[in-house]
Ligand code: CLF
Ligand code: SF4
């Protein structure tokens, strides 16, 4: 539903179709790969505008120790450290998935990411997946592992149709690994230091090779630990690309003494946003980067920017749950129609005209469907895009801790934090904004605009970029 005036306004400069949402749009990949990722919100940036995932914490045991983990909490490799989820039996986990599927039509993926290691605790992971696969054929199964036990389970992973596996790979040099992993437990024996890191590295590489050979899509998560593996992650990126990984997700270490981890207690800090971006940018050209990860809660339910876990705790699950497959199917058809329109909007953008050196950084308030459709005051996150002569590129999401509008009133302290959050942006696009925040943003040098309300994100930014270039040309 891209507006005609917007298409007309589209630039001779702007975004090339392949650059808009480039990392995951259908026009950018082989049809068989697109078929696998098109409804996985983590494996496709495009899909994350439409589909939701959930985690169930059914696998508590772990076979290694990471210096950024405290076992009191869930596996920090795929969930925000310091968040404890409700531990579930496989039966409870499967029941919870049914309950979510019955009321969240966007739900397309069940991920098991702990609270320990999904493969070390394979019996429980498998029982949960088996129950869900029987009841809900339209749910994709996804798991995350540290990789140590992975080579032992590849056959079963393939047999169970699990075609998305994440391996956390923080190093390919065991000397660096020894600074991250104090010990591992392997073949009924505890190994420490360099020996432990060597075994872990070999098992991770073997597991990655085996999955790729069997056609499973592998995402690699790497925790960026300043001073330990920051430079090294570029070599990790190149190595996992060489071995066929589909996606590389460089995540910032979250380190807080209150979490009681080794790193938290010894003062190891996490990276700044600039340091993270620097490493991500340096990795460009290698394995494709995931930039839309939200470092989920361990009991995450909903779209990636959402936390609906508290709506589905065990005590809130109904006795009997009925999932209506026809209703879910109808919803998917609606989504397909929306994405066709979004794809049309991307295709409508004409190739870029070179405007060397001109860059526009844009913050967008969106509540999904790839549209600029969120009010400024209700935004819980901003999507950050960069437009330049090469096109429009998604850079990542920034979370707003306290939304501006609370109980119908604007909150001044939240406003100043929001302004700080997007201070490096030139423009903020949203569906609607009031006078007070508009003034504050302007005073900070950020142009607020609701001129593209309910339009598609990428083509709107392309049009805006072109308009800015034209203005600059006229002034020159
Ligand atoms: Fe969960 Fe991970 Fe599967 Fe996604 S999360 S197991 S691949 S279904 Fe996604 Fe969350 Fe980032 Fe993980 S946004 S933390 S990458
Ligand atoms: Fe913790 Fe996960 Fe590392 Fe195990 S693999 S120690 S649960 S972060």
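Consider all pairwise Cα distances in segment 27-185 and report the whole-number % of them above 28 Å. Tail of P(r) above 28 Å: 21 percent of Cα pairs.
Relative to the longest principal axis of the Cα atoms of the chain, helix 122-135 runs at roughly 60 degrees. Where a ≥ b ≥ c are the square roots of the eigenvalues of the C-alpha gyration tensor, would you call segment 310-445 rounded, which needs a/c under 1.5, or, failing that, prolate if a/b is larger than b/c, or oblate? Oblate shape, in that a/c is at least 1.5 and b/c is the bigger or equal ratio.
Extension gain, residue 420-residue 337: 0.36 nm per intervening residue step, less the Cα-Cα distance, totals 26.2 nm. Using a cutoff of 8 angstrom between alpha carbon atoms and counting only pairs six or more residues apart, the relative contact order for the chain works out to 20 percent. Per-residue packing, averaged as other Cβ atoms within 10 Å, sorts the ranges 171-178, 285-292, 56-63 into the order 56-63, 285-292, 171-178, beginning with the highest.
Can you tell me how segment 411-473 classifies by the Cα gyration tensor, rounded, prolate or oblate, using a/c under 1.5 as the rounded cut? In terms of gyration-tensor shape, prolate.
The simple Förster model, with R0 at 45 Å and r as the Cβ-Cβ distance, assigns residue 213 and residue 409 a FRET efficiency of 0.20.
Considering helices alone, the calculated mean residue ellipticity of the chain at 222 nm is -10500 deg cm²/dmol, with DSSP H runs of length four and up weighted by -39500 (n - 2.57) and normalised per residue. Most tightly packed first, judged by the mean number of other beta-carbon atoms within 10 Å of their residues, the peptides 338-344, 77-83 read 77-83, 338-344. Full extension of the chain between residue 192 and residue 175 yields a length gain of 4.9 nm, computed as 0.36 nm times the residue separation minus the alpha carbon distance. A Förster radius of 35 Å combined with the Cβ-Cβ distance from residue 238 to residue 473 puts the calculated FRET efficiency at roughly 0.30. Of 331, 50, 465, 68, the sequence from fewest to most neighbouring Cβ atoms within 10 angstrom is 331, 68, 50, 465. Using the Kirkwood radius over Cα pairs, work out the Stokes-Einstein diffusion coefficient for the chain at 4 °C and 1.567 mPa s, in µm²/s as a whole number. For these conditions, the coefficient is 56 µm²/s.
Which FRET efficiency, nearest 0.05, do residue 123 and residue 231 yield, Cβ-Cβ r, R0 45 Å? The pair residue 123/residue 231 has a calculated efficiency of 0.70. Between helix 273-283 and the chain, what is the angle of the helix's C-alpha long axis to the longest principal axis, kept within 0 to 90° and rounded to the nearest 10? Tilt of helix 273-283: around 80 degrees.
Only the coordinates and a few stated rules stand behind these numbers; no lab work does. Please read these numbers as outputs of a predicted model, since none were measured by experiment. Here Cβ is always computed from backbone atoms with ideal geometry, including for glycine, and neighbour counts include all displayed protein chains.
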